[in-house]
Amino acid sequence: MNCNHHPDDSTLLSYGACSLPDALSMVVACHLAVCDHCHDKVADAELIGLGLMEQEPVESISKSSRDSMLAMLDEPVDEAYSETRTIPDDQPDGDIPAPLRPMIGQWFSDLHWRTMAPGMKQFILPASQGKLRLLKISPGTFMPSHGHSGSELTLVLKGSYSDELGRFSVGDVADVDPDITHQPVADTHEGCICLVATDGPLRFKGLVPRLLQPFFQL
């Protein structure tokens, strides 16, 4: 897939170092599943990190520390972590990205969408760090103008949208920081479905969106 917008290099580096909140990490994982360019960047970053670790001087550790480390190797792998780090080679039938399927299944049509406003629906996904949701926007619908108190990653899964940063189509990622204020609008005949992760509340300009914000966990 030819993607025109990608996560920042710093975001990919944080993902490779396993230091992103799991909500943001899931968006990156879904993007990597369709973007060889970013997949290769993350792989290179992981190799560099491994090389740096190998150059560190080896220090002896106490027996108790060694025993604790070996005990950790026997602990079960965190399922949420393993899902966000998985980069599948292919995607079987279904329109939901493979990294999300263990949580919600294969088809957008099977989800129970919750109406937020005319032309806007959401499906909230579990995340221990940050907020993660699917947004479904009808053709021509404007999202409320808003800024951010933290980072926001938006991956287009179906259709496309436009805002002050450009036009975003399937596979594209908008990597937004607190300096950006924008108002996305779905601009295709089929509407738009996006996977959105934030690590801080949105900052809405309008009164009504601010009043509704607590109800929709925005």
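For the subset of the stretch 172-184 comprising residues that are open to solvent by less than 30 Å² (accessible area, probe 1.4 Å) and out of contact with any helix residue (DSSP H, G or I) (no Cβ under 7 Å at 6 or more places or on another chain), which member is farthest from CYS3 (Cα to Cα)?
Checked the stretch 172-184; the qualifying residue farthest from CYS3 (Cα to Cα) is HIS182.
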Return the residues of the stretch 19-41 that are open to solvent by less than 70 Å² (accessible area, probe 1.4 Å) and not in a helix (DSSP H, G or I); say none if nothing qualifies. LEU20, PRO21, ALA33, VAL34, CYS35
Restricting to the stretch 190-208, and then to whatever is of a type outside the set (D, E, K, R) and open to solvent by 70 Å² or more (accessible area, probe 1.4 Å), can you tell me which residue is modelled with the highest pLDDT? PRO201
Does GLU54 count as buried (at least 17 other Cβ atoms within 10 Å of the Cβ), in a helix (DSSP H, G or I) and modelled with pLDDT under 75? no
Might you check whether a residue that is buried (at least 16 other Cβ atoms within 10 Å of the Cβ) and either assigned to a strand (DSSP E or B) or modelled with pLDDT of 90 or more (or both) occurs anywhere in the stretch 75-97? yes
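What do you reckon, is ASP163 touching an Asp or Glu at 6+ places or on another chain (Cβ under 8 Å) and surrounded by 15 or more Cβ atoms within 10 Å (Cβ to Cβ)?
Answer is no for this residue.
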Run ALA23 past the list (1) free of Cβ contacts under 8 Å to residues at least 12 places away in the same chain; (2) touching a Leu at 6+ places or on another chain (Cβ under 7 Å) and report the number of the one that doesn't hold. (1)
Out of the stretch 106-150, which residues are open to solvent by 20 Å² or more (accessible area, probe 1.4 Å), within 20 Å of the chain's Cα centre (by Cα) and modelled with pLDDT under 90? MET143, SER149
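The values are calculated or read from the model by the stated rules, or taken from the named source; none is laboratory data. Since we're looking at a predicted model, the values are computed, not measured. With ideal geometry, Cβ positions are generated from the backbone for all residues, glycine too; neighbour counts draw on all protein chains shown. Just the protein is used for accessible areas: all its heavy atoms, side chains included, with ligands, DNA and RNA removed. Shrake-Rupley method; radii C 1.70, N 1.55, O 1.52, S 1.80 Å.
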